[in-house]
Amino acid sequence: MTTSVQVAIHPSQFPDNVRRDLLASLRTRRVNHKFHYDSVKQTQKWLALHETHSPARRDKNCLTTYDQAFNQATAQIKARQVHVIGLGCGGGQKDVQLLKLLKGWGKEVSYTPSDVSVAMALVARAAALKILPPEKCFPFVCDLVTAEDLPETLAQGRPFHGASLVTFFGMIPNFEPRQILPKLATLLHPKDYLLFSANLAPGDNYATGMEKILPQYNNPLTRDWLTAFLFDLGVERRNGQLRFTIETGGMGLQRVVARYHFIRARQIKVSGQEFSIARGEAIRLFFSYRYTPGLAAKLLVRHGLEVCQQWITTSGEEGVFLCRRK
């Protein structure tokens, strides 16, 4: 027999606020990344892309690197009660691996799978229920950028005498550092840890490393996932082309950017508002910063976080970092 599931929805994902963010995305021609996970269809497209192109799925050394990171991070946590907060939990596979390890160390564990997508939060919850009872799992939907009260909201699942382990796997590249890093710092108390991963530009030459990883984005599955947002709004395939470029962003970081370039004028009508897009205009659908270990550490310190340990794959394309608040 099926049972209902309680999912907490933060006001940042209430319909009026989602509508506001959608209209802002079209008005500024810069799409909020959350709209690529908005539907079950988009969630399935992302999961297919992740399974095919993520180093954590196709690189055996990457899997070993995560194993090492998870084992050593688990060993660092001395509290008996641990609340794992999976920000941008996706399918929850990595979080579930941590939950298993923590339970194996005799910890009393609870879990908050948090995502901008209800579908993603439920997928992660379903995976976690193989490890935890339902009463220890608290799916939570929110927009990390616009939610201003995350420390208070997430503290509701925190053990009174325990510690929190905040995970943020594969998410940092899709946020402006000055927006997300201070928010992550505010979530940590003295006993808490942040465990996150970042896609890296491999090798000693930053620009060469960026060129090497470009095919991980410029491929059919990524194109299909990113353009679903526009096609669901009525844009047709013949209206334009998706192009990927490498650009320099703030703080010396480089990023891959995906823009849809219109070769025909187009009207998009959403929630009673009409947007006229001229021939030759472009909408930025996506960006992904690529860090180096040194740049990551430098930016973390600037925003009140310090790296306790780090683990880098032999390919140099993926890094896992264990951090505490300074």
If L154 satisfies every condition in (1) at pLDDT 90 or above; (2) under 30 Å from T313 (Cβ atoms) but one, which is the exception?
-> (1)
Kindly provide the set of residues from the stretch 167-180 that are part of a helix (DSSP H, G or I), touching a residue at least 60 places away in the same chain (Cβ under 8 Å) and out of contact with any strand residue (DSSP E or B) (no Cβ under 7 Å at 6 or more places or on another chain), ordered by number.
-> P177, R178
Exactly one of (1) surrounded by 15 or more Cβ atoms within 10 Å (Cβ to Cβ); (2) of a type outside the set (F, W, Y); (3) within 28 Å of T186 (Cβ to Cβ) is unmet by G252. Its number?
-> (1)
Selection from the stretch 268-317 of residues hydroxyl-bearing (S, T, Y) and surrounded by 15 or more Cβ atoms within 10 Å (Cβ to Cβ) yields S288, Y289, Y291, T292, T313, S315
Consider M171 against the criteria (1) farther than 27 Å from R20 by Cβ; (2) touching a helix residue (DSSP H, G or I) at 6+ places or on another chain (Cβ under 9 Å): it satisfies all of them except one. Which criterion is unmet?
-> (1)
Among the residues of the stretch 75-86, is there at least one that is under 30 Å from P190 (Cα atoms) and part of a helix (DSSP H, G or I)?
-> yes
When Y37 is evaluated against the numbered criteria (1) farther than 14 Å from T227 by Cα; (2) buried (at least 18 other Cβ atoms within 10 Å of the Cβ), which criterion, by number, is the only one it fails?
-> (1)
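Residues are listed down the side, and each one gets a yes or a no for (1) under 23 Å from H189 (Cα atoms); (2) touching a residue at least 60 places away in the same chain (Cβ under 8 Å); (3) assigned to a loop (DSSP other than H, G, I, E, B):
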position	(1), (2), (3)
T43	no, yes, no
D67	no, no, no
G91	no, no, yes
T112	yes, no, no
A119	no, yes, no
Considering every residue within the stretch 21-28, establish whether at least one is assigned to a strand (DSSP E or B), modelled with pLDDT of 95 or more and touching a strand residue (DSSP E or B) at 6+ places or on another chain (Cβ under 7 Å).
-> no
Just wondering, is there one or more residues in the stretch 194-205 that are closer than 18 Å to G319 by Cα, surrounded by fewer than 15 Cβ atoms within 10 Å (Cβ to Cβ) and either touching a residue at least 12 places away in the same chain (Cβ under 8 Å) or not aliphatic (A, V, I, L, M) (or both)?
-> yes
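The values are calculated or read from the model by the stated rules, or taken from the named source; none is laboratory data. Small disclaimer: the values here were computed from a predicted structure and weren't measured. Using ideal geometry, Cβ is built from the backbone for each residue, glycine included, and neighbour counts are taken over all protein chains shown.
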